[in-house]
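J.: Here's a structure for you.
Taken together, the values in this text are just the output of simple stated rules run on the coordinates, not laboratory data. Everything numeric here is computed off the predicted structure, so don't read it as measured data. All Cβ positions, glycine included, derive from the backbone under ideal geometry; neighbour counts span all protein chains shown.
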Amino acid sequence: MPKKFDIKTVISTTTMMVGFAIGLAAQPAAAQHKQSLLITADKLFDGANFAPGTGKAVLVENGRIAAIGSAGMAVPFGTRVVNVPGGTILPGFIDMHTHHLVNKAPALRLLEHGVTTARDLGGPVTPVMLDKPYQLRQILSGPIITARGGYPMPVFPGSGVEVSGAAAAVNKVRELVAKGASVIAVSLEPGGEIGAPWTSHNATTPPPWPTLTNAELRAVVTEAHRLKKRVVAYLGTTEGARRALDAGVDEWAHMPCDFLDHGQWHRAADRRLPIDGTLDTLVSCSGSAHNAGHAVEMGARLFYGTDLGHPDIPHGIDAQEIHHIVHAWTHAGRTWDQAMALALASATSEPGKYLYLGKETTEPKLGQLVVGAPADIVVIGSDPRQNFKELEFPRLVVSGGKVVIERAMGE
């Protein structure tokens, strides 16, 4: 079984307890050990780049990164040390598109498999709390706003809420924000795309499904923006993409399944439109990989998002999603190492900056290994540029400075 809280104390000292606020908004402070933690490994990815050379170290104090340097750096008296020979230290992953709440994916499992921030785009507005000294950082949209009988109601009814008319749409936005939604999700998904994952579910009504009217969509976007919230749209078709662009939707929850033409990608790129890939979940869609390559080539932003939709791996990091993003970047002319850094950045620093600018988090350095950043850290036993699959079973996960899990080699 994986070991927990068994890090070696290199110098005997008394462990002092203090309280500090967890990085999860609106959650109570939790008791934390004041004892410093030093993590050492061969390589380090800081959220944007791989640090040159070998023998890297990250010092954690009071839940935050206090220093980054060499494995032989001076540390405070009593510091505990975790060393992963041949490994790589990375920021904890930010999954920009999950449904962990409605699907009851255990928050602890997400943490133990490397996801330290989960953005739920369709489910309850109340986060699940762990009876632990650490928490999964959660950002919530609440249910997807949709037309009566629209997606996701025929296949995933727990993920949506129906409205009829612009006034009802405005009231629903206000209600969700009042309950704590940090972003608003809408559906422009009529169903019927070849290879879309929801086609494998038994829908209560067959597609095409109704979608929000233009008036309802504009009402959602206008009210959300008035309340300083972004709008993210579920869409899979060229028509859905056009309507989202016309209405000023801020982000797409999926890469479209249908092939988009160059004109649409030019419009998306002009806005540096963020798209939550979910490419592994959409692997059977005819156009998703093609669209991802065009998206990054033309300047749209591709964020790591999984839908937690792949049944063949534990809830947590999906290494194959990283692999798909790497191929999108190599399609755009990057080398493998450059593409790997960009793919890892899409799961760490890039969404972290985006979430901070949109006030979905109060942490300006989320997803980065820099001094002052929250100590959300993943360590794997190899170099992800050579063995990205190992990301799914990290050797060490730290959330808010607390060790979530430590695995021995091969566990």
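J.: How large is the helix-only mean residue ellipticity at 222 nm for the chain, computed as the sum of -39500 (n - 2.57) over DSSP H runs with n ≥ 4, divided by its residue count, in deg cm²/dmol to the nearest 500? It would help to have the intermediate numbers written out before the result.
T.: Values: 9 runs with 95 residues, N = 411.
About -7000 deg cm²/dmol.
J.: Here's something else I'd like to know. How much length is gained if the chain between residue 298 and residue 409 is pulled fully straight, taking 0.36 nm per residue apart and subtracting their Cα-Cα distance, in nm to one decimal? Working shown, then result.
T.: Working: separation 111, 0.36 × 111 = 39.96 nm, distance 4.12 nm.
Result: 35.8 nm gained on full extension.
J.: Continuing with the same structure: Taking 0.36 nm per residue of separation and subtracting the Cα-Cα distance, what length does fully extending residue 71 through residue 290 add? All intermediate terms of the calculation are to be shown ahead of the outcome.
T.: Values: separation 219, 0.36 × 219 = 78.84 nm, distance 4.23 nm.
Taking 0.36 nm per residue and subtracting the Cα distance, the gain is 74.6 nm.
J.: Here's another thing I want to ask about it. Tell me the angle of helix 319-331 to the major Cα principal axis of the chain, expressed in degrees between 0 and 90 and rounded to the nearest ten.
T.: Helix 319-331 and the main axis of the chain meet at about 70 degrees.
J.: For segment 82-162, which trypsin sites (Lys or Arg not before Pro) are in a loop by DSSP, counting at most 13 other Cβ atoms within 10 Å?
T.: On the way: sites: 104, 109, 119, 137, 148; in loops: 104, 148.
Here the trypsin sites (Lys or Arg not before Pro) that fit, given the DSSP loop and packing criteria, are 104, 148.
J.: Taking the Cα centre as origin and putting +1 on Lys and Arg beta-carbons and -1 on Asp and Glu beta-carbons, what dipole magnitude results for the chain, to the nearest 20 debye?
T.: Values: 37 positive and 38 negative charges, 246 e Å.
That gives the chain a dipole magnitude of about 1180 debye.
J.: Let me ask something else. Please list, in order, the residues from segment 273-288 whose amide nitrogen is less than 18 Å from a point placed 7 Å along the Cα→Cβ vector of residue 356.
T.: None, by backbone N distance to the label point.
J.: Moving on to the next point. Compute the helix-to-body angle for 336-345: its Cα long axis versus the longest principal axis of the chain, expressed 0 to 90° and rounded to tens.
T.: 80 degrees
J.: Also: Measuring from centroid to centroid over Cα atoms, what is the spacing of segment 354-411 and segment 300-347 in Å?
T.: Taking the Cα centre of each part, segment 354-411 and segment 300-347 sit 15 Å apart.
J.: Just in segment 59-137: which chymotrypsin sites (Phe, Trp or Tyr not before Pro) are loop by DSSP and have at most 14 other Cβ atoms within 10 Å? Before the final figure, lay out each step's value.
T.: Numbers: sites: 77, 93, 134; in loops: 77, 134.
Sparse-neighbourhood loop chymotrypsin sites (Phe, Trp or Tyr not before Pro): 77.
J.: Nearest 10 degrees, 0 to 90: what angle lies between the long axis of helix 214-226 and the longest principal axis of the chain (Cα atoms)?
T.: It works out to around 30 degrees.
J.: Order these by the 10 Å Cβ neighbour count, fewest first: 245, 38.
T.: Working: 245 17, 38 23.
Taking fewest neighbouring Cβ atoms as first place, the list is 245, 38.
J.: Using every pair of alpha-carbon atoms in segment 265-411, split the distances into 5 Å bins beginning at 0 and state the percent of pairs per bin, rounded to integers.
T.: Pair shares across the bins are 2, 10, 16, 21, 21, 16, 9, 4, 1, 0.
J.: On to the next question. Could you list 73, 96 so that the one with the fewest beta carbons within 10 Å of its beta carbon is first and the one with the most is last?
T.: On the way: 73 15, 96 29.
Final ranking by Cβ density, sparse to dense: 73, 96.
J.: If the viscosity is 0.890 mPa s and the temperature 25 °C, what Stokes-Einstein diffusion coefficient in µm²/s follows for segment 93-357 when Rh is the Kirkwood radius over Cα pairs?
T.: Here the translational diffusion coefficient equals 135 µm²/s.
J.: Restrict the search to segment 236-321; then list the trypsin sites (Lys or Arg not before Pro) that DSSP places in a loop and that have at most 11 other Cβ atoms within 10 Å of their Cβ.
T.: Numbers: sites: 242, 243, 267, 271, 272, 301; in loops: 271, 272.
Listed in order of number, the matching sites are 272.
J.: Charges on Cβ only, +1 for Lys and Arg, -1 for Asp and Glu, centred on the Cα centroid of segment 93-357; of 133, 205, 121, which one is farthest towards the dipole's positive end?
T.: It is 133.
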